[in-house]
Amino acid sequence: MNDNAGAASDPGRPPSVPPPVSSTCASTPRNQYETAFYAGTGEVLTPESVEELSDLVREAHAHSKPVIPEGAGSHAYLGVPPRDEALLISTRRLDTVLRYEPDDFTIGVQAGLPLVRLGEVLKKNRQEVPVDFSSRTSGTVGGWVAAGFPGPRAGNHGGLRNYMIGARGLRGGRRPADFKTGGMVVKNVAGYDVGKFLIGSLGTAGPILEVNFKLRALPDRRSLRLAAFRHEREAWSFAAHLRGARFRPVVLLVFGGKAAAELQDRLPPLASPHHWVAWGFEGNASVVDWQNAQVDHVLDERAPLDFLDLPLDGVPSVMDSLCEFSEPDPDRSPPVDLGIARLGALPTETEQLERALYSLPESERASFATLADALTGLITLRWVAAGEGLTDAVPRLQALASSQRSSAVILYLPPADRRDWPYSLVRDATWPLAEKIRRVFDPEDLFCPGRKLPIGGS
Amino acid sequence: MLFPHRKRADSPNSVDVTGQPSPYLELMESIPPERLVTDPGELCVYECDGFPLHKERPGAVILCESREDVIQIVRWCHEKGIPFVPRGAGTGLSGGATPVPGGVVIDLNRMRRIVRVDVENGYAIVEPGVVNLRITDAAAPAGFHYAPDPSSQKACTIGGNVAENAGGPHCLKYGMTTDHILGLEVVLPDGEVIRLGGPRAEGAGYDLVGLFVGTEGTFGVVTEVTVKLLPSPQSVRTYLAIFDSMSLACRTVSAITREGVEPAALEVLDQLTIRAVEASVYAAGYPQNAAAVLLVEIDGLEAGLDEPEATIRRICEENRVVEFRVAKDEADRQRLWRGRKGAFGALGRINTDLYVLDGVVPRTRLEETLEVFYAIADRHRLTLSNVFHAGDGNLHPNISYDGRDADERSRVLLAGREILTACVRAGGSISGEHGIGVEKMEFMPLLFTADDLALQKDLRAAVDGRGLANPGKIFPDCRSCVEVGGEHRAVPL
């Protein structure tokens, strides 16, 4: 018999009030990013069951306290940080592989499963979700979905929206309720595709509890090559050729500014101050070899300054670096002099957008490093500056994105500056509708209010 | 004033069934007669789509020619509180375009402009009434195509494809409609126009395009669609594997999946279907004594195709394939596909009516599920054929019946329910590509709990507070909930 039951049976004692779930739930200290960006929160609560997590959300709602759902907290810097004290709830202990059908190429996992473990489990059967993440990440599956990052192979394989076939989430309100969408079959149109709304939601549509993926076989062969050109135009011309030809590059990136230097730890030859293009093929050996041979002919004509054919075992490490380009170093304190943004254009407009970036004042562009995905039109920009110089670039990026009709999001700014800028630098007429829909998941506006869209959606 | 134009003469439909003045009198004042259908005889055409088991008579059909037409009609409906149903070619198989009795049907077939084709950036912008295949026709000269290819692609429209999140044989490799829609222009149920997504790389907002695709017209009327165009494959190889047992055909499919081979399409036809096809104008040279044929297609760069071909051939041989034919040229390939794509039409030869079901199971459970289907048909004394997208576990059990026979009709409905229940029990779903419509509303609780459905209904209410956009679809009404409530069970995600 528990204490409460004892109290209830003793009419002489006042009924005891059960302690708040947040005080009994296991917890863990915040990491340095959580500490910096979630200033008003306590420790990270780590419920061990969906029921406990629901109780925490219910408690938060009862006290009108914002909730920050998260996985491992590896991307705490994403979006606008909470203004008020919030309950920081991690799904990291919900980390089970629930259903894995290798023969059917599907898997269902709890959201707290570390991404690295997901990769390991799938690799045993030579399978993958072909959306890249760094093998050095501490992130979880749920965080991956909530962040919705496109990987370097997005131009060919698409993003998580193309592989997530089911999900379970927790809806807020006075009576938090878990809901499911989709299932474990690769083709399914029963009901609304609610899961799509969770991808890239940054936790604002509530905690993600489970995710199902359809899988692909790992390719037999992968190649990743780089060539350096004297002039930027030559690099872009080469990339345009690869994009327009009958090849099927799975990676096609143009390095701009100091990008090569940023990656020199992994690729020492790239320290040379030239314009590099990276491209990759995958598939069976015949098709990869054939494509590489075709590109060799093109390279013969274009005479690059330098050429690097990565050994097979060197590819994963470089892919890690390419993934990490859009993130601050997780092993160091949150940098106070770094900005990271991502802009999106049409593939044929990417070169023009990049050129526009490098036409910003010398004082700002001097530190620019860009990775432009010539297949998707996404440009990831890193820049470094001290003090106000760092954020001086933001309104210029905003103006540039508006004039170029591109999207622009801030992926990272130091904690002291982050709240001054919205996640998206470009206003969008769909925001009020999106906010109306989001409020279905979060009627009382307690899940990371304002993190992704301005509060109220306008 | 709607549609500036000439006036219309009196219509036989100027009063409604209760003898009250029809609300459409106002429309008659303002819409050109050739674009407003109110004649009861003409309205019959719109009573159902490709799901004839449920028919309703609309009050009026408006043949829209532009976004402005749609906006004005939707605003008028919103103002008057009149429900509306968007409709494309009416080829849907779940009753998604079944009219609301007395409501408006917004016909989009005349909105068939291909606004832009930009192959360099891999997209096209089209109006909703553009026929699926016309998009590929427009992009093909530049070496591109639009990948989703429902069997009805010569007739079905892209607006309907978006509404139902349509599939097709090549979705096995290339994904469903939702994977190929980059942007939408939608007239919301209150008449507001909104643009979602677009051809440029990711925006910063939520994936509203992904959420809107497959909402079956309940989130408004799509007036423009931005679709993804893909480079056409350099090479395509098509095979016909002939089996003397359906089980062996299914095992072959499972083995191909297990090996990680990624065919562009993997289709199975059973014997009854083969015979119907071969007796029809779609005859493809399938052997009529075969228990099943497996149509396999691989595509990509020529240099990469020998290996998957060898693997597929080996797996077929391991599963005692009777014959493994290779399409020797494009004409041969087209002929093999003609049989598959015309199969549903050919099945019309068997009886007066055809109920095309649509369920999904994990690909490893095809064999056992089909056995259950055949047993169900036997028990209900019904004629069952199967033609399906085996590679993604998407089954199409087809029941041929005489709709004039009330008893047979009721047995068809019972069997349909049992078949879909069997799909769910096998870990699958009640629809792979046809949508829920009116056909499967009552089966939704087989898959979803009350909380799951409440969320979806609330999403609908957030977009369509008055419930005027295609009401009576997807969600079981309260009565249905009660009826099927006893069957609620925890279905694993």
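No lab work stands behind these numbers, since they all come straight from the coordinates. None of the values given here were measured: they were computed from a predicted structure. Positions of Cβ are backbone-derived with ideal geometry, glycine not excepted, and every protein chain shown enters the neighbour counts.
Structure notes:
- Net charge of Cβ neighbours under 11 Å - reference B:Phe243; Lys, Arg +1; Asp, Glu -1: -1
- Additional length obtainable on full extension of the chain from B:Arg466 to B:Arg425, 0.36 nm per residue less Cα span: 11.2 nm
- Prolate/oblate/rounded call for chain A, Cα gyration tensor, a/c under 1.5 rounded: prolate
- Each principal axis of the Cα cloud of segment A:213-299 was evaluated for its coordinate range; sorted largest first, these ranges are 38, 28, 22 Å.
- Taking amide hydrogens as placed 1.01 Å from N in the peptide plane, the amide H of A:Arg419 sits under 5 Å from that of no residue at least 5 positions away in sequence or on another chain.
- For segment B:123-173, alpha-carbon Rg over 2.2 N^0.38 Å: 1.05
- Excluding the site residues themselves, the longest part of chain B lacking any trypsin sites (Lys or Arg not before Pro) in a DSSP loop with at most 10 other Cβ atoms within 10 Å is B:8-327.
- Neighbour cut-off at most 16 other Cβ (10 Å), DSSP loop, trypsin sites (Lys or Arg not before Pro), segment A:127-214: A:Arg136, A:Arg174
- At R0 = 22 Å, FRET efficiency that the Cβ-Cβ distance of B:Glu302 and A:Phe307 yields, to 0.05: 0.25
- Across q = 0.20 Å⁻¹, segment B:64-189 modelled as identical point scatterers on its alpha-carbon atoms has Debye log10 I(q)/I(0) values of -1.15, in the order of the q list.
- Contact order for chain B, expressed relative to its length and based on alpha carbon pairs under 8 Å spaced 6+ residues apart, stands at 14 percent.
- Residue-averaged beta-carbon neighbours from other chains (10 angstrom radius) around B:456-462: 5
- In sequence order, segment A:347-359 has phi-based couplings of x, 6, 9, 5, 4, 5, 5, 5, 4, 5, 4, 7, 9 Hz under the Karplus curve 6.51 cos²θ - 1.76 cosθ + 1.60, θ = phi - 60°, and Gly or Pro positions carry x.
- Derived scalar couplings between HN and Hα for segment A:228-240 equal 10, 10, 5, 10, 4, 4, 5, 4, 5, 5, 5, 4, 5 Hz in order, rounded to whole Hz, by the Karplus curve 6.51 cos²θ - 1.76 cosθ + 1.60 (θ = phi - 60°), x for Gly and Pro.
- Modelled spin labels at A:Arg419 and B:Val115, positioned 7 Å past Cα toward Cβ, are 4.1 nm from each other.
- Unit charges on C-beta of K, R, D, E only; dipole of segment B:83-181, Debye: 240
- Gyration tensor (alpha-carbon) shape descriptor, segment A:352-458, a/c threshold 1.5: prolate
- Globularity ratio of chain B, using Cα Rg and 2.2 N^0.38 Å: 0.99
- The value obtained for segment B:269-351, namely the Cα convex hull volume divided by the number of residues, is 89 Å³ per residue.
- On full extension, the segment bounded by B:Gln334 and B:Ala142 gains 67.0 nm, given 0.36 nm per residue less the C-alpha separation.
- Cα long-axis angle, helix A:50-62 against chain A (0 to 90 degrees, to the nearest 10): 80
- Taking Lys and Arg as +1 and Asp and Glu as -1, the other residues whose beta-carbon sits under 12 Å from that of B:Ala346 total +4.
- Debye equation applied to the C-alpha atoms of segment A:333-405, log10 I(q)/I(0) at 0.17, 0.26 Å⁻¹: -0.59, -1.23
- Rounded if a/c under 1.5, otherwise prolate or oblate - the protein assembly as shown, Cα gyration tensor axes: rounded
- Helical contribution to [θ] at 222 nm, DSSP H n ≥ 4, -39,500 (n - 2.57), averaged over the protein assembly as shown, rounded to 500: -9000 deg cm²/dmol
- Charge dipole of chain B (Cα centre as origin; +1 on each Lys and Arg Cβ, -1 on each Asp and Glu Cβ, all else neutral): 440 debye, rounded to the nearest 20.
- Centroid-to-centroid separation of segment A:60-103 and segment B:117-157 [C-alpha atoms, Å]: 41
- Assuming charge only on the beta carbon of Lys and Arg (+1) and of Asp and Glu (-1), the dipole of the protein assembly as shown about its Cα centre is about 640 debye to the nearest 20.
- Look at the dipole of chain A built from charges on Cβ: of A:Trp421, A:Gly143, A:Tyr192, the Cα furthest out on the positive end belongs to A:Tyr192.
- Cα-based reach from B:Lys154 at 28 Å (exclusive), listing lysines while leaving out same-chain residues under 8 positions away: A:Lys187, B:Lys55, B:Lys173, B:Lys228, B:Lys328, B:Lys341, B:Lys440, B:Lys473
- Distance between segment B:240-291 and segment A:384-429 - C-alpha centres, whole angstrom: 56
- Signed unit charges on C-beta, dipole axis of the protein assembly as shown, positive-most listed residue B:Ser254, B:Gly348, B:Gly205: B:Gly348
- Residue (of A:Ser321, B:Met444, A:Ala205) at the positive-pole extreme of the protein assembly as shown, dipole from beta-carbon charges: B:Met444
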